[in-house]
Each structure stands twice: as C-alpha cells, then as structure tokens.
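Have a look at the structure below, then the notes.
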Amino acid sequence: MNPDGSQDLSPGAPRPDPEPPPEAPRARGETRHVSIALSVPDCTSCDICVVECPAWCIELESHSEAVPDLPPGARARTHRVLDSFTIDYGRCLFCGICIEECPFDALAWSEVAEPTASGRHDLVRPLTGARRSGATARPSRLVEGLVSPD
Amino acid sequence: MPDEVRRVEAADWVSGVAAALAQGWCHLDWLGVVDEWGRAADLRVVLRLLEPASAAGLRIETLVPRAEPVLDSLGTLLAGARWHEREASDLFGVHFTGGDDRPLLVPAPGAAGELREWPLRKDAVLAARVALPWPGAATGDDTTRRRLSPPGVPAPEQFGARPADAGPLDAAALLAPPRRRR
Amino acid sequence: MRGWDWYGDGSLVLVDVPLACCALEVAAAIPTGAVAVEWDAPALRRVVTVSGTVTQAVAHDVAACLERVRALGSPTTVVAFGACTGGGGPYWDGYAVLKGLDQVTRVDAMVPGCPPTPAALSTLVDEVRNA
C-alpha cells in the first residue's frame, strides 16, 4: 500500500486481499450461462435453433424414420430422429436465441464448463454426449517446449 | 420494475424529452435505434432516461421514415446525447438536425452506385456470408421442411456474377423484409 | 507490459494481451496472492493469454508480442481465451476480423466461452503449472 492509502501497483508489490464481493442474489431458476445443454429426448430435429442462430454456429443432422407401433388401420407416418447436434464455440456468442426459440424447451443454459480445446476443430462440441472429434487438450500438450513422458 | 414507455410524434421529440427531464428523468442512459423493417417502413428512435434516486427507467420513442430519417438533435437538452446521435447516424443513417454530424466509425458514403448501407439496418447485406453454406438449409432426406433463406444474406445468383448487360445493382431488391412475429 | 506472478512464487508468470471484453474476465481470474511483475520477469513457466477480437490491424503486433514472450526461453503456453480468439466469435464474418488467433500463430489451448468464466482460466493455469 502507498503512503496515501492507494494500492501499490509497482512490479513486485503483493496485491492486498480484496474483500470478496457479495454473492449476487439469484432469481429462482436462474442459471449461470457457462455453456448450453441439449435434452436429446425433447429434441424433434425441427431445426428452428439452427435457422435462428445469428452466428450460424449450430449444426444438426437428422433423418426420417417410420413411426413404429401404429394402431391398426392408421396411415404410415414418419418422424425426424436426431443424429448429431453440435455448437461451434468458436462462433457462439451466448445470445440465448436458440434457447428462447426452441418450441420444446430442449435447449437450456448449463453451469457445466466446457473443457479447454486443443485447437480450432475441438471448439465444435457435440451436445448429444457423443465423443468429441477434436483431440483433447491434455496437460502434456499444453506447454510448448516441455518434454513430456508420453 | 419494467421501464415506462412513451411514444411521441417526431415533431414533438425535443419537447417530449424536455418534459421528461422536467419530471425528474434527468439521467441519460442511452439513445438507440430499432429498424422496424418487416413491421413498418420506419426506424424507431429510442431514448432511455433514468430517475437517479430510484434507478427507474423511462423509454421515449418516436418513429422516423426509413427513406428519410430526420429528427431534431437533443444536444441542447443533453450534451451527452450528441455522441449517441453520431453513432445512430453511422449505424442507421438517421440525421439529427442541429446535431454533430461527424462520422464516428463508418466512413461517409462513397461514389454514386456504390452499395451504401448502414450496418445495423435490417437490409444490410452480410456479404461475407453469401457463398457460405448455411446450416439452416434443408439437407439430406428432409423433404418436409419449408425452404428458408438466412436473414441478411442474398442468394448467390443475385449477388455474384451477373450478365454483362445487367443494370446497376439494385440494393433494395437484394433482401426481403423479415417475417416478424413480435 | 505487465505480467502476473500468478502464485507469488516465481513458478508461473501470466501475461495478457487484452484486446476486448474477455480481458475483464482474465483480470477477474487473477488470484489474491498474485504479484504484479514485468512481463519478462524470471519464471519457470509462462502463460500468454490473448483476450478479445483479433483484427487485421493488430494481428502483426499481437503475433510479435507472443514471439517476444516465447523468446524468453521458459516453456510457454499460448492461450486463446474466448470465442473471438478461438474462431472469430460473433464477428467471424467481419471484414477486418481474424477467424481466430491460430491464423497468425501457434496456439496451445483455446478456452471456449463468450466470455469464458474467470474460473475457466484459473483452472487452466493450474493445469499448466502442474503439467
């Protein structure tokens, strides 16, 4: 601390312990916007989130399947089945439009952090629980110039 | 608490704001614009003021026609509004009479025939996306979904190479107004 | 250019290249025991974060900053912090915007988010220190 009481910001000076800020009061049901989560059983592959995303960061693949176990005499019907759902976190701006627009409430804010990515392609994340296609950012790859055992 | 919202005629813009200031809404929060393209051929100019003690908000709005968006400047009432007006002028093309008309970010219009657009208007062309595949296009075996086009992006055949005898690019015809539900 | 001796023990110095909003989250991640140091203070490990949109205008200077830190010799981790440095973020189609920091330099880690939480950075720095 400087003689006048101001914080000493010179190199080498330790920072004083700040008082932790009071926890912001949360409205009921409010979730921190750390990532976006998909409830696969609720997703009908309608593509509305894909169409509405201003950053074009959602990709959804689906296919048609015949609806099984129809009552006798019913006409044959098909429905869409979700194959893959990814968000490109290299573009996603966390606007929340996809979450608002989903007619089935299949998308929601999540407090689960997305792990650090090893590269550009690893920023494309599947929301279905499928395996990530990009290489994982393993600690030994994090540091350039570090000799790693593996 | 939600903001109080007042709509005034463009001719009463300055007097309407003066009245609000006199009532105690004396802190300038921001002045912005909403492009009503798809609902009306207007730009909605919005001023948000705060009542300092309670932090309650008041939005005063007016409509100006998109083709000739002219409004009196609020600079004599709120000096800080001049900066917001310069930004509105740059991004939407609104002209504030008696205000500061120096561009803030966007250069002044160029040569005749150049595609002049204001970046935040809804008819601004997202040229960088014209040739990119849009994830929202119906693909594969999806024959049931209606064909849509991405907002702000004209079809490549309208925007790219055109016959040599085609006339000047008609900017107004590049995009259709968005379908607005709300 | 300021650096932060993150753990106050010379084990790791972090330098941020603050370009836009993500820089606030990097600042919020600085632990209470961190010590402000010169950017080239001695350290066993170095982390350089780039936080914010990388534009054409600053791309060269940002890359030059990173090279200067790498040239100090300690094992260095270059972190692209936030969507803008990952893939251009919301501005990926902007005419003056780089679609990610990795367009101009090698990047070791990309932290997703717009912005990422401060905790995302502090977790990563802990992993780098223990790598």
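The values are calculated or read from the model by the stated rules, or taken from the named source; none is laboratory data. Just so you know, these numbers come straight off a predicted model, no measurement behind them. Glycine also receives a Cβ, built like all others from the backbone with ideal geometry; neighbour counts cover every protein chain displayed.
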Checklist outcome for this item: Result of the Cβ filter at 7 Å on the stretch C:1-25, keeping first residues that are free of Cβ contacts under 8 Å to residues at least 40 places away in the same chain and partners that are among the β-branched types (Val, Ile, Thr) and part of a loop (DSSP other than H, G, I, E, B), at least 6 apart or interchain, is C:Trp4/C:Ile30
Checklist entry - When the residues of the stretch B:37-79 are filtered to those that are surrounded by fewer than 17 Cβ atoms within 10 Å (Cβ to Cβ) and of a type in the set (Ser, Thr, Tyr), which remaining residue is farthest from B:Ala18 (Cα to Cα)? => result B:Ser54
Item to check | Residue, surrounded by the most Cβ atoms within 10 Å (Cβ to Cβ), within the stretch A:61-88, restricted to residues that are among the small types (Gly, Ala, Ser) and either in contact with a helix residue (DSSP H, G or I) (Cβ under 6 Å, 6 or more places away or on another chain) or in a strand (DSSP E or B) (or both) | outcome: A:Ser62
Checklist entry - From A:Gly145, A:Gly134, which residue is in contact with a His (Cβ under 6 Å, 6 or more places away or on another chain), within 11 Å of chain C (Cβ to nearest Cβ) and modelled with pLDDT under 70? => result A:Gly134
Next on the checklist: Here are the criteria: (1) within 23 Å of C:Met1 (Cα to Cα); (2) modelled with pLDDT of 95 or more. Tell me which single one C:Gly73 does not satisfy.
Outcome noted: (2)
Item to check | Selection within the stretch B:3-50 - part of a loop (DSSP other than H, G, I, E, B), in contact (Cβ under 8 Å) with a residue 12 or more places away in the chain and over 15 Å from B:Pro65 (Cα atoms) | outcome: B:Asp3, B:Gly24, B:Trp25, B:Cys26
Checklist outcome for this item: In the set B:Gly136, B:Gly99, B:Gly152, the lone residue that is at pLDDT 75 or above, surrounded by 14 or more Cβ atoms within 10 Å (Cβ to Cβ), within 14 Å of chain C (Cβ to nearest Cβ) and part of a loop (DSSP other than H, G, I, E, B) is B:Gly152
Item to check | Selection from the stretch A:86-126 of residues that are touching a Phe, Trp or Tyr at 6+ places or on another chain (Cβ under 8 Å) and among the β-branched types (Val, Ile, Thr) | outcome: A:Ile99, A:Val124
Checklist outcome for this item: Exception for B:Ser89 within (1) free of Cβ contacts under 8 Å to residues at least 24 places away in the same chain; (2) surrounded by fewer than 20 Cβ atoms within 10 Å (Cβ to Cβ) falls at (2)
Next on the checklist: Looking at the structure I just gave you, is A:Ser110 in contact with a His (Cβ under 9 Å, 6 or more places away or on another chain) and among the polar types (S, T, N, Q)?
Outcome noted: yes
Checklist entry - Tally time: how many residues in the stretch A:34-60 are acidic (Asp, Glu) and loosely packed, with under 15 Cβ neighbours inside 10 Å? => result 1
Checklist outcome for this item: Expected single match for on the phi > 0 side of the Ramachandran plot, under 21 Å from the mean Cα position of the chain (by Cα) and not acidic (Asp, Glu) among B:Gly80, B:Gly24, B:Gly38, B:Gly75 is B:Gly38
Checklist outcome for this item: Exception for C:Leu14 within (1) part of a strand (DSSP E or B); (2) more than 12 Å from chain A (Cβ to nearest Cβ); (3) surrounded by fewer than 22 Cβ atoms within 10 Å (Cβ to Cβ); (4) not aromatic (Phe, Trp, Tyr) falls at (3)
Checklist outcome for this item: Of the conditions (1) at pLDDT 95 or above; (2) outside any loop (DSSP other than H, G, I, E, B); (3) farther than 14 Å from B:Trp30 by Cα; (4) not aliphatic (A, V, I, L, M), the single one that B:Asp90 does not satisfy is (1)
Checklist entry - Considering only the stretch C:91-120, how many residues are closer than 17 Å to A:Ser118 by Cα, more than 9 Å from chain A (Cβ to nearest Cβ) and in contact with a Ser or Thr (Cβ under 7 Å, 6 or more places away or on another chain)? => result 1
Next on the checklist: Looking only at the stretch C:59-80, count every residue that is at the interface with another protein chain (Cβ under 10 Å from one of its Cβ atoms) and of a type outside the set (Val, Ile, Thr) and tell me the total.
Outcome noted: 5
Checklist entry - Taking the stretch A:53-88, which residues are small (Gly, Ala, Ser) and away from chain C (no Cβ under 14 Å)? => result A:Ser62, A:Ser64, A:Ala66, A:Gly73, A:Ala74, A:Ala76, A:Ser84
Next on the checklist: Looking only at residues that are more than 14 Å from B:Gly136 (Cβ to Cβ) and not in a loop (DSSP other than H, G, I, E, B) in the stretch A:89-101, which one is nearest to the other protein chains (Cβ to nearest Cβ)?
Outcome noted: A:Glu100
